[in-house]
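Right, one structure below, let's go through it.
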Amino acid sequence: MDAMAKTSTTTQGLRAAIERSGYYPALVAEAVEAAVGGEPVRSYLVHQETTFDQNEVRRHVTVLVLTGNRFIVSHTDEQAADSTSPTPYATTSTESVKLDRISSVVVSRVVANPEQYTPGTLPREVVLTIGWGAVSRIDLEPAACGDPNCDADHGYTGSSTADDLSLRVSEAGDGPETVRQALVFAQAISEATADLAR
């Protein structure tokens, strides 16, 4: 399959995955396609998440797209009617990140019975974390010394963590195909950022 046909197939696969999610597919697809523009799609991941907020069920869809030059993140949330809107509404946003800004790609895999693991077996869950420096979290706590009777002020200690995107998919909640697609996407974005480092 030549590169042009593969790109067309990948773009069609992205559209089909958005439609399969069943979560406002026309709205989500329009936002993602506008962000992608005319660039060929190299890889993608569509993840729908349902959460329970007191008496309400809320849905959220995240679409990740890798092109030749950019990483695109799209989030769509639905909201119940509130003081600002008499009817339910949805909010969709996209962010486009140049590949050379991506500073880390972390893939965490959870496997059952690791002593029996065979290469190629799908993990039970995958957490994909991608950092590009847009959002950082700082956790601080009072510093202390080893003396239990010391009441001196030792300042603070803490850590800074990139917190741009963290996405968890599981076989039980999302199905094996979504876990497989998460691994494919993780490998594609890792390879793309590695190519830039060479």
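The values are calculated or read from the model by the stated rules, or taken from the named source; none is laboratory data. These numbers were taken from a predicted model, which means no experiment stands behind them. Positions of Cβ are generated from backbone atoms using ideal geometry, with glycine treated the same way; all protein chains shown enter the neighbour counts. Areas reflect the complete protein model, heavy atoms only, side chains present, ligands, DNA and RNA absent. Shrake-Rupley method; radii C 1.70, N 1.55, O 1.52, S 1.80 Å.
Worth a mention:
- Subset of the stretch 73-89 that is within 23 Å of the chain's Cα centre (by Cα) and open to solvent by less than 40 Å² (accessible area, probe 1.4 Å) - its residue that is farthest from GLU30 (Cα to Cα): GLU78
- Some residue of the stretch 78-85 being more than 17 Å from GLY175 (Cα to Cα) and in contact with an Asp or Glu (Cβ under 9 Å, 6 or more places away or on another chain): yes
- The set of residues in the stretch 93-104 that are touching a Phe, Trp or Tyr at 6+ places or on another chain (Cβ under 9 Å), open to solvent by 50 Å² or more (accessible area, probe 1.4 Å) and not basic (Lys, Arg) comprises GLU95, SER96, SER103.
- Restricting attention to the stretch 24-56, the residues being among the charged types (D, E, K, R) and farther than 25 Å from ARG180 by Cβ number 3.
- Scanning the stretch 36-72 for residues that are open to solvent by 20 Å² or more (accessible area, probe 1.4 Å) and of a type in the set (A, V, I, L, M, F, W, C) gives VAL46, PHE52, VAL57.
- Residues of the stretch 95-130 satisfying the condition of being under 13 Å from the mean Cα position of the chain (by Cα) and closer than 25 Å to GLY173 by Cα: VAL105, VAL106, VAL107, SER108, VAL126, VAL127, LEU128, THR129, ILE130
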